[in-house]
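Just below is one structure, and these are the notes that go with it.
The values are calculated or read from the model by the stated rules, or taken from the named source; none is laboratory data. Note that the structure is a prediction, hence the values are computed from the model and not measured. Cβ placement follows ideal geometry from the backbone for every residue including glycine, while neighbour counts extend to all protein chains displayed. What goes into the accessible areas is simple: the full protein's heavy atoms, side chains included, and nothing from ligands, DNA or RNA. Shrake-Rupley method; radii C 1.70, N 1.55, O 1.52, S 1.80 Å.
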Amino acid sequence: MKVHCSNEYDPLKAVVLVSPEYMAIKVPINDIQKKHAKNNIDRQLAEQQHQLFVEKLQEHGVQAILLTPEEKYHEQVFTRDIGFTLGNQIFVAEMARDVRRGEEKILIDYLKEQEITYTDIKGNMIEGGDVIIDGNTIYVGISQRTNEFAIRHLQTLLPSYDVVAVPFTDTYLHLDCVFNVLSPTEGLIFPGEFHKEKERMLRERYDLIHVSVKEQETLGTNVLSIGNKKVFSLPMNEGVNKELQKRGYEVIEVDFSEIIKSGGSFRCCSMPLLREQ
């Protein structure tokens with residue numbers, strides 16, 4: 001199987017997903033989970049919402065590769081974090097927290113079965129939610145889940161790329177929860193979460209849609225671009241969706257309200273294997 005990703009917005013052709021069959025908030029690992037820990041996750045509703053997401057992807061010509069959910073992995077739906085595709089390489093991440101360690105082995109089993117080569121970044125604390133690519137630039141968030149050593153190592157593995165470390169506050173787990181790229185010139189940002197010079201750098205490169213505090217609570221930045229200016233977004237994020245439409249994007253609205261209770265949305269729930277240039 002061919003694998004390739006040069007950015008976050010070329011036409012998506014194949015993506016790795018996992019059903020939220022065993023999704024649950026066991027030990028809250030972010031502020032959003034803490035808010036919903038008492039009532040927890042309605043798994044049946046989460047599965048229904050995820051299934052609709054899968055169906056909509058397929059309707060738009062995306063191959064949905066569903067890995068097997070395992071009962072011991074309650075965060076497994078967030079496949080973005082277990083690996084990432086850069087150029088023609090797949091990198092398998094080493095998960096930072098015990099609650100998620102082992103999920104990457106299920107991905108490795110699939111890659112071996114399909115005879116897809118990969119690079120296993122052992123000993124490096126890095127998760128795919130912190131990795132955002134745009135051509136020769138790779139933005140990597142310094143977070144609770146990704147450290148500077150891993151970023152430096154990634155740069156040595158990818159000498160032809162410019163790997164840019166992007167520190168941000170520890171309110172959110174991953175970079176893609178506060179920043180996202182939509183096109184070579186456009187993106188989404190939740191302002192105020194970055195060091196000033198880094199935010200200035202992003203503003204100089206992109207026309208950034210500002211996500212409001214209200215819509216940040218429903219992860220307005222965490223959209224998924226599938227190419228040809230088509231973007232998955234939550235219906236409730238009306239401000240974000242209006243700004244996307246003003247810029248000529250087709251917004252594919254899917255209710256993900258149950259899944260986002262665990263702190264991730266469409267981008268978090270999808271690990272692209274192939275985007276066609």
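Being touching a residue at least 24 places away in the same chain (Cβ under 8 Å), of a type in the set (D, E, K, R) and closer than 25 Å to G61 by Cα: is that true of E250 here? Give the steps one after another, and end with the answer.
Working: touching a residue at least 24 places away in the same chain (Cβ under 8 Å): no; of a type in the set (D, E, K, R): yes; closer than 25 Å to G61 by Cα: yes.
In short, no.
Please verify whether the stretch 166-187 includes one or more residues that are under 21 Å from S270 (Cβ atoms), in a loop (DSSP other than H, G, I, E, B), of a type in the set (D, E, K, R) and in contact (Cβ under 8 Å) with a residue 40 or more places away in the chain.
no
Working carefully through the options V223, V231, find the one that is touching an Asp or Glu at 6+ places or on another chain (Cβ under 9 Å) and touching a residue at least 40 places away in the same chain (Cβ under 8 Å).
Details: V223 fails: touching an Asp or Glu at 6+ places or on another chain (Cβ under 9 Å).
None of the others qualify; the one that does is V231.
Condition first: open to solvent by 10 Å² or more (accessible area, probe 1.4 Å), part of a helix (DSSP H, G or I) and at pLDDT below 95. Now tell me which residues in the stretch 219-277 satisfy that.
I260, K261
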